[in-house]
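The values are calculated or read from the model by the stated rules, or taken from the named source; none is laboratory data. This one's a predicted model, so the numbers in the text were calculated from it and none came from an experiment. No Cβ is skipped: glycine too gets one built from the backbone with ideal geometry, and neighbour counts run over all protein chains shown. What goes into the accessible areas is simple: the full protein's heavy atoms, side chains included, and nothing from ligands, DNA or RNA. Shrake-Rupley method; radii C 1.70, N 1.55, O 1.52, S 1.80 Å.
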Amino acid sequence: GGSLTKLAYYSTVQHKVARVRSFDHSGKDIENEPLYEISVQEEITARLHFIKFENTYIETCLDFIKDHLVNTETKVIKATGGGAYKFKDLIEKKLGLKVDKEDVMTCLIKGCNFVLRNIPHEVFAYQKDSDTEFRFQSNHPNIFPYLLVNIGSGVSIVKVETEDKFEWIGGSSIGGGTFWGLGALLTKTKKFDELLQLAAKGQHTNVDMLVKDVYGGAYQTLGLSGNLIASSFGKSTTADKEFSKEDMAKSLLHMISNDIGQLACLYAKLHNLDKIYFGGFFIRGHPVTMRTITYSINFFSKGEVQALFLRHEGYLGAIGAFLKGAEQDNPNQYSWGENYAGSSGLMSTSPDVYPMQRTRSGTFDMLEMDRLERPLVNLPLLKDPSTYIPDTVDLTDDAMARKYWLTCFEEALDGVAKRAAASQPDSVDAPERAEKFRQKYWNKLQTLRQQPFAYGTLTVRSLLDTREHCLNEFNFPDPYSKVKQKENGIALKCFQSVIESLDSLGWEERQFALVKGLLAGNVFDWGAKAVSDVLESEPQFGFEEAKSKLQERPWLEDSYSQWLERLKEGPPHKCALIFADNSGIDIILGVFPFVRELLSRGTEVILACNSGPALNDVTYSESLIVTERIAAMDPIIQSALRDEKLLLVQTGSSSPCLDLSRLDKGLAVLVRERKTDLVIIEGMGRAIHTNYYAALKCESLKLAVIKNSWLADRLGGKIFSVIFKYEVPCQ
């Protein structure tokens, strides 16, 4: 680009994963053996890296490419943008490679489609006076069609209809270059950023003629407010005084932004489009230009069209050029996830707020995307995927909640680092890696205190996921693996006696005991401080003790009577999808008896567990072993497995929370095939921090025990309050 170079490259990352494998128990006394073995293996995954820095560092960049990224097979390097011409000879000479220039617009659109599809909080609207400047939008499952307005030196307006179909529909020669050029002539300021800083301090009304200057007030007949600009720079024709640089820069900024805004609105109306994304160096995260463009679009469209901006807008061309070069191993056939541990996040570039940061963030900025094992899609049972928002509370908006949760995660950090080190007793450098993890996550939390919008909407889920990413970066793939192994072993020994006592009850009593068991199982959550304190200090704390902790009915959210009525009066469900939470007592003594009852009623069950580890949540591979053991003790589970009435699947996630718009494709296919008509979501992370308000097309049960006193208080209850939410969609 004109001032910044963006580099995109692909690497393979070797990191450790915890694998669980069933022992071969032939003829052995297995009474005191652990349930399964845990081994840590190396796994290789693909990662995309994007780095952004100023052109003055181009030599350093080429050294980096030469030392790390060029191998003997590399013959060509893809490049796009003005710099592909300007630096062509330098690149070819220094790297000994041929520069293959790609079309700028094609690259831009390819990059744009990629980030819109793979980064959930990519798009934001700008709001000047709210607590946080950026309001993130949730990803619409269908990203097309949209209008891309690229404001570089001039303005290009492109209509994008599909992955490969787009057309240039218009533009203007009055763009960023005009602001810069005229601004330089008016203020003698040559630097773009300095011009913007002048504009931020200026008062355009000193230079512009307003409607009230012409008519003495509002122009009622046409419905025009008195404060509207009637003529940009209009006062300079009559006034004898000198105008300040700041005022002239501000007037110029309004003039150009309003012109572009009106143009964009007219094209959007003409082509019947309601999504307009703005990009180009004129925007590039500058609050001043985002504010004026937003105002202009809002004014000219009478609030019908929203100006939208992209968090990684500066990278689009580089991402596109990279994708063009990688077409034989098409990155679009995979799903990708942002690696929070290695990405620098969106900076507030407001010059007056963070003068130090502005200079620093301009130098090196990074984004990392990890390739996910399997493609992710929407849960087919979401009522309206386009309005689904997983998270219950937006911490970007709610300053009190933000302060509480950031402090909560800071206070828990030492304990997490200790547990990580203790989970690898045979590793000499575990304490040192745990300390590096602690520092990295601590720094992320401090960044988020300053800039809650750094990675999109800040939520409890994003704080948990960032922590998991940081643990993985320092090779702690599963700090709770030994805890889970032990708890699964203990719970399995109690399974038969729990089933016997349930079977001895009458039908109605049993339904209540099953729900109570599910809730009591959900207490065993190492992610909640109130629980981990008890589990560490009272090793004998078990299933019965957990039941006694539960709130008595009526619960905080209580539709148990409606659920019981449905079981009594209605036909059995065809198929239930259950999202399980914790290992040990939760899945074995809480979920499985419930699954068994559903199967006895003639309902098929899909049991969905996380693909990868997070806290003490049960993983798919652990669930396979646990189920095999339970089947050996229980004929109902055994025959259901054999007849494929009970199916175990993975969610595609490694988070303690649940995003129903990014689930494993295989799970989605099964849900459709089996005509699933009941969804059960259990646990605080999956049913309260996320999905509390999620609307589904079928019946659903959301149940959890609130194990955090602040959250309980927020919801109007006490710690260990119960949420039991049975929902039926409106017919």
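Do any helices (runs of 4 or more DSSP H) lying entirely in region 431-523 carry at least 3 residues that are closer than 15 Å to Glu410 by Cα and open to solvent by 10 Å² or more (accessible area, probe 1.4 Å), and which ones are they? Explain how you work it out, then say what you get.
Values: elements: 460-473, 481-503, 507-521.
Answer list for region 431-523: 460-473.
Kindly indicate whether Leu413 is of a type outside the set (S, T, N, Q), touching a Leu at 6+ places or on another chain (Cβ under 9 Å) and at pLDDT below 95.
Details: of a type outside the set (S, T, N, Q): yes; touching a Leu at 6+ places or on another chain (Cβ under 9 Å): yes; at pLDDT below 95: no.
Judged against the criteria, Leu413 is not a match.
Collect the residues in region 262-278 that are farther than 14 Å from Gly170 by Cβ, touching a residue at least 12 places away in the same chain (Cβ under 8 Å) and not hydrophobic (A, V, I, L, M, F, W, C), keeping them in residue-number order. I'd like the intermediate steps shown before the answer.
First, the residues of region 262-278 that are farther than 14 Å from Gly170 by Cβ: 272, 274-275, 277-278.
Now drop any that are not touching a residue at least 12 places away in the same chain (Cβ under 8 Å), which leaves 274-275, 277-278.
Within region 262-278, Asp274, Lys275, Tyr277 meet the criteria.
Tell me yes or no: at least one residue of region 637-647 is within 27 Å of Trp507 (Cβ to Cβ), of a type in the set (Val, Ile, Thr) and open to solvent by less than 10 Å² (accessible area, probe 1.4 Å).
The answer is yes, given that some residue of region 637-647 is within 27 Å of Trp507 (Cβ to Cβ), of a type in the set (Val, Ile, Thr) and open to solvent by less than 10 Å² (accessible area, probe 1.4 Å).
Residues in region 331-342: is at least one open to solvent by 70 Å² or more (accessible area, probe 1.4 Å) and either in contact with a Pro (Cβ under 9 Å, 6 or more places away or on another chain) or modelled with pLDDT of 70 or more (or both)?
First pass over region 331-342, keeping only residues open to solvent by 70 Å² or more (accessible area, probe 1.4 Å): 333.
Among the residues that remain, those that are also either in contact with a Pro (Cβ under 9 Å, 6 or more places away or on another chain) or modelled with pLDDT of 70 or more (or both) are: 333.
Yes, region 331-342 contains a residue that is open to solvent by 70 Å² or more (accessible area, probe 1.4 Å) and either in contact with a Pro (Cβ under 9 Å, 6 or more places away or on another chain) or modelled with pLDDT of 70 or more (or both).
So in region 31-67, with the set limited to residues that are within 30 Å of Asp89 (Cβ to Cβ) and among the basic types (Lys, Arg), which one is farthest from the chain's Cα centre (by Cα)?
Residues of region 31-67 within 30 Å of Asp89 (Cβ to Cβ): 48-67.
Next, from what is left, pick out any that are among the basic types (Lys, Arg): 52, 66.
Values: Lys52: 22, Lys66: 34 Å.
Residue satisfying both the conditions and the ranking: Lys66.
Just to be sure I understand, how many residues within region 116-159 are of a type in the set (Lys, Arg) and either at pLDDT below 85 or surrounded by 22 or more Cβ atoms within 10 Å (Cβ to Cβ) (or both)?
So the answer is 1.
Quick check on my filter: what residues within region 640-690 are of a type in the set (Ser, Thr, Tyr) and not in a loop (DSSP other than H, G, I, E, B)? Show your work before the answer.
Filtering region 640-690 down to residues of a type in the set (Ser, Thr, Tyr) leaves 651, 653-655, 661, 676, 690.
Answer for region 640-690, where residues must be of a type in the set (Ser, Thr, Tyr) and not in a loop (DSSP other than H, G, I, E, B): just Thr690.
Can you confirm whether Ser537 is within 29 Å of Gly716 (Cα to Cα), small (Gly, Ala, Ser), free of Cβ contacts under 8 Å to residues at least 40 places away in the same chain and in the same structural domain as Ile706 (by the TED database)? Before the answer, list the steps.
Working: within 29 Å of Gly716 (Cα to Cα): yes; small (Gly, Ala, Ser): yes; free of Cβ contacts under 8 Å to residues at least 40 places away in the same chain: yes; in the same structural domain as Ile706 (by the TED database): yes.
Criteria met by Ser537.
Does Glu604 meet the test of being within 35 Å of the chain's Cα centre (by Cα), open to solvent by 30 Å² or more (accessible area, probe 1.4 Å) and acidic (Asp, Glu)? Step through it out loud before you land on a result.
Numbers: within 35 Å of the chain's Cα centre (by Cα): yes; open to solvent by 30 Å² or more (accessible area, probe 1.4 Å): yes; acidic (Asp, Glu): yes.
Taking the combined requirement at face value, the residue satisfies it.
Within region 296-321, track down each residue that is farther than 24 Å from Leu367 by Cα and in a helix (DSSP H, G or I).
Those that are farther than 24 Å from Leu367 by Cα and in a helix (DSSP H, G or I): Ser296, Ile297, Asn298, Phe299, Phe300.
Could you give me the residue pairs with C-beta distances under 6 Å whose first residue belongs to region 52-81 and is farther than 15 Å from Gly1 by Cα, whose second residue is open to solvent by less than 60 Å² (accessible area, probe 1.4 Å) and among the charged types (D, E, K, R) wherever it lies, and which are 6+ apart or on separate chains?
Matching pairs, first to second residue: Leu62/Lys94; Val76/Asp100.
Give me a count of the residues in region 35-66 that are open to solvent by 60 Å² or more (accessible area, probe 1.4 Å) and either out of contact with any helix residue (DSSP H, G or I) (no Cβ under 9 Å at 6 or more places or on another chain) or over 26 Å from Asn339 (Cα atoms) (or both).
Of region 35-66, the ones open to solvent by 60 Å² or more (accessible area, probe 1.4 Å) are 40-42, 44, 54, 56-57, 59-60, 63-64, 66.
Those still in the list that are either out of contact with any helix residue (DSSP H, G or I) (no Cβ under 9 Å at 6 or more places or on another chain) or over 26 Å from Asn339 (Cα atoms) (or both) too: 41-42, 44, 54, 56-57, 59-60, 64.
Residues flagged as open to solvent by 60 Å² or more (accessible area, probe 1.4 Å) and either out of contact with any helix residue (DSSP H, G or I) (no Cβ under 9 Å at 6 or more places or on another chain) or over 26 Å from Asn339 (Cα atoms) (or both) within region 35-66 amount to 9.
Does Val17 meet the test of being at pLDDT below 85, among the β-branched types (Val, Ile, Thr), open to solvent by 30 Å² or more (accessible area, probe 1.4 Å) and assigned to a strand (DSSP E or B)? Break it down stepwise before answering.
Values: at pLDDT below 85: yes; among the β-branched types (Val, Ile, Thr): yes; open to solvent by 30 Å² or more (accessible area, probe 1.4 Å): no; assigned to a strand (DSSP E or B): yes.
Taking the combined requirement at face value, the residue does not satisfy it.
Can you tell me which residue within region 558-579, out of those that are touching an Asp or Glu at 6+ places or on another chain (Cβ under 7 Å) and part of a loop (DSSP other than H, G, I, E, B), is most open to solvent (accessible area, probe 1.4 Å)?
Lys574
Being surrounded by fewer than 20 Cβ atoms within 10 Å (Cβ to Cβ) and of a type in the set (S, T, N, Q) is the filter here; which residues of region 688-731 pass it?
Ser709, Gln731
Looking at region 597-629, which of its residues are within 23 Å of Lys574 (Cβ to Cβ) and assigned to a helix (DSSP H, G or I)?
First, pick out the residues of region 597-629 that are within 23 Å of Lys574 (Cβ to Cβ): 597-609, 623, 627.
Answer for region 597-629, where residues must be within 23 Å of Lys574 (Cβ to Cβ) and assigned to a helix (DSSP H, G or I): Glu597, Leu598, Leu599, Ser600, Ser623, Thr627.
What is the residue count in region 656-675 for residues that are surrounded by fewer than 23 Cβ atoms within 10 Å (Cβ to Cβ) and over 16 Å from Val377 (Cα atoms)?
Residues that pass the stated criteria total 2.
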